[in-house]
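**Q** Here it is: the structure, laid out below.
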Amino acid sequence: MEVGKMEDHELHYNNFTSLMQSLEKKIRYLETTAVQLAGFSSIVQCILYQHSLDAAARVNRRWITFFLSASVSVAFFPTFGSAVWGCLTAKRQQDAMFMEQDELYRKMCSIRNGEMMADPAAAAASAASGRRRLADAFRHARHKRYAYAGFVSIALLFFNLLVLYAISFVS
């Protein structure tokens, strides 16, 4: 009975490992996409601002530059937001899977060591305490990720608004 249970736990543990690896690849892809989008948008905004400072662009054409800059901003933020949100969602899923994988690992260790038979109440209390500490650590890390993503998004928004403002009032 214990051998069959152990094999089931090992199978589930390995499945979690492969799922977490695929989530890690997804997270890296979404992070790269978000960084590339932010860089592209910033570079295009700087080029458009520099173009608006050009004397030839100031003569009756500054509104073209303004609308190009506005359209880049409008296209950028939903795309950037979806990449960042997808990354945060994948990280949350990865944290949840890690906690489940950790619980499976604790069960596997207790089966190997025979602790399950000796004192099931103490083993359950120890596992619950470990899960609470792990959940608190993940909650703290999640709050830091949300704060960082919010800060970067707001900074990019202000940068885009500043460029739009500067382009619209170039004389």
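The values are calculated or read from the model by the stated rules, or taken from the named source; none is laboratory data. The model shown is predicted, which means the values in this text are computed figures rather than measured ones. Here Cβ is always computed from backbone atoms with ideal geometry, including for glycine, and neighbour counts include all displayed protein chains. These accessible areas exclude ligands, DNA and RNA; they are computed on the full protein's heavy atoms, side chains included. Shrake-Rupley method; radii C 1.70, N 1.55, O 1.52, S 1.80 Å.
**Q** Identify, from the list 50, 45, the residue that is open to solvent by less than 20 Å² (accessible area, probe 1.4 Å) and either assigned to a helix (DSSP H, G or I) or not hydroxyl-bearing (Ser, Thr, Tyr) (or both).
**A** Being open to solvent by less than 20 Å² (accessible area, probe 1.4 Å) and either assigned to a helix (DSSP H, G or I) or not hydroxyl-bearing (Ser, Thr, Tyr) (or both) holds for just one of 50, 45, which is 45.
**Q** Does the range 93-115 hold any residues that are closer than 15 Å to residue 6 by Cβ, assigned to a helix (DSSP H, G or I) and open to solvent by less than 50 Å² (accessible area, probe 1.4 Å), and which are they?
**A** Residues satisfying the conditions are 104, 108, 109, 110, 111.
**Q** Among 68, 134, which is at pLDDT 85 or above and of a type in the set (A, V, I, L, M)?
**A** Matching residue, one of 68, 134: 68.
**Q** Further question: Residue 68 - would you say it is within 29 Å of residue 139 (Cβ to Cβ), out of contact with any strand residue (DSSP E or B) (no Cβ under 8 Å at 6 or more places or on another chain) and either open to solvent by 40 Å² or more (accessible area, probe 1.4 Å) or of a type outside the set (Asp, Glu) (or both)?
**A** no
**Q** Additional query: Could you figure out which of (1) open to solvent by 70 Å² or more (accessible area, probe 1.4 Å); (2) within 21 Å of residue 164 (Cα to Cα) isn't true of residue 39?
**A** (1)
**Q** From 83, 75, which residue is open to solvent by 50 Å² or more (accessible area, probe 1.4 Å), part of a helix (DSSP H, G or I), free of Cβ contacts under 8 Å to residues at least 60 places away in the same chain and not charged (D, E, K, R)?
**A** 75
**Q** Could you grab the pairs with beta carbons closer than 7 Å, sequence gap of 6+ or different chains, first residue in the range 17-38 and within 19 Å of residue 103 (Cβ to Cβ) and touching a residue at least 40 places away in the same chain (Cβ under 8 Å), second one open to solvent by 50 Å² or more (accessible area, probe 1.4 Å) and assigned to a helix (DSSP H, G or I)?
**A** Filtered contacts from the range 17-38: 20/98; 23/93.
**Q** Looking for something at pLDDT below 75, out of contact with any Asp or Glu (no Cβ under 8 Å at 6 or more places or on another chain) and either open to solvent by less than 80 Å² (accessible area, probe 1.4 Å) or of a type in the set (A, V, I, L, M) (or both) - is there at least one such residue anywhere in the range 152-170?
**A** Yes, that holds for at least one residue.
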